[in-house]
Amino acid sequence: MAASIRLIHVACRDLGIDQDTRRALQERLTGKASLRDMSQPELELVLGALKDQGFRPKGGRRPAAPRADLRLIHVLWAELGKAGELDKPGRDGLNAFIRRRFGQSWSFVPADVDMLRDWERIDDVIQALKAWADRAGIILDGEGKG
């Protein structure tokens, strides 16, 4: 239900609907002004009405990586992509990089970066990406300041 509530808030922001207008819509549709008081079918009813008004969820986004160190890998990869250093800037490119770079030295390379659990291997990827950024002259936040 929390995901539906967040999506309704995103829809209202995208459509330029303020809080008072949103609450009026919710009350008209479900008899409830508060999203937290609604059942999942009621939330879907509100979301359907917002879609009828033109909201289109941006699909294909995955949730954030489960660990901060894995999120750092994604951030570093994105920075390399912004700098034009990558042929394949998405998740598939990152996974291909990990397979290419570490496939011979690791006994097992996961299908997806977010499946990594060994902190030493995660650090190997982070250090490789930082070294690449350094070679490319990319200044990462928190570095080069002082």
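The values are calculated or read from the model by the stated rules, or taken from the named source; none is laboratory data. Keep in mind that what you see is a predicted model, and the values were worked out from it rather than measured. Note that each Cβ is placed from the backbone with ideal geometry, even for glycine, and that neighbours are counted across all protein chains shown. Calculation scope for accessible area: heavy atoms of the full protein, side chains included, ligands and nucleic acids excluded. Shrake-Rupley method; radii C 1.70, N 1.55, O 1.52, S 1.80 Å.
For segment 63-86, check the following and say yes or no: at least one residue is touching a residue at least 60 places away in the same chain (Cβ under 8 Å) and open to solvent by 40 Å² or more (accessible area, probe 1.4 Å). The answer is yes; a qualifying residue exists.
Among the residues of segment 13-22, write down those that are over 20 Å from the mean Cα position of the chain (by Cα) and under 14 Å from Q53 (Cβ atoms).
Our first condition is that a residue be over 20 Å from the mean Cα position of the chain (by Cα); within segment 13-22, this holds for 15-22.
L15, G16, I17, D18, T21, R22, listed by residue number.
How many residues does segment 93-123 contain that are crowded, with 17+ Cβ neighbours inside 10 Å and of a type in the set (A, V, I, L, M, F, W, C)? Full working, then the answer.
Quick first cut of segment 93-123, residues crowded, with 17+ Cβ neighbours inside 10 Å only: 94-95, 97-98, 109, 113-114, 116, 121-122.
Remaining after also requiring of a type in the set (A, V, I, L, M, F, W, C): 94, 97-98, 109, 113, 116, 122.
Selection size over segment 93-123: 7.
Identify all residues within segment 33-49 that are surrounded by 12 or more Cβ atoms within 10 Å (Cβ to Cβ), in contact with a Ser or Thr (Cβ under 9 Å, 6 or more places away or on another chain) and farther than 12 Å from H9 by Cα; write none if there are none. Selection gives M38, E42, E44, L45. When A11 is tested against the conditions (1) touching a Phe, Trp or Tyr at 6+ places or on another chain (Cβ under 9 Å); (2) open to solvent by 60 Å² or more (accessible area, probe 1.4 Å), the lone failure is (2). Set side by side, the residues D114, D87, D69, D92 differ, and just one is assigned to a helix (DSSP H, G or I) and farther than 30 Å from I5 by Cβ, which is D92.
Annotation: R56 fulfils all but one of (1) within 30 Å of A128 (Cα to Cα); (2) open to solvent by 70 Å² or more (accessible area, probe 1.4 Å); (3) of a type in the set (D, E, K, R); the unmet one is (1). Only a single criterion out of (1) under 22 Å from the mean Cα position of the chain (by Cα); (2) at pLDDT 85 or above is not satisfied by P41, namely (1). Listed by first and then second residue, the pairs with beta-carbon distance under 8 Å, at least 6 apart or on different chains, first residue in segment 31-45 and part of a loop (DSSP other than H, G, I, E, B), second at pLDDT 90 or above and open to solvent by 70 Å² or more (accessible area, probe 1.4 Å), are A33/R23; A33/E27; S34/R23.
Could you please find all residues in segment 124-145 being of a type outside the set (A, V, I, L, M) and surrounded by 14 or more Cβ atoms within 10 Å (Cβ to Cβ)? Those that are of a type outside the set (A, V, I, L, M) and surrounded by 14 or more Cβ atoms within 10 Å (Cβ to Cβ): D124, K130, W132.
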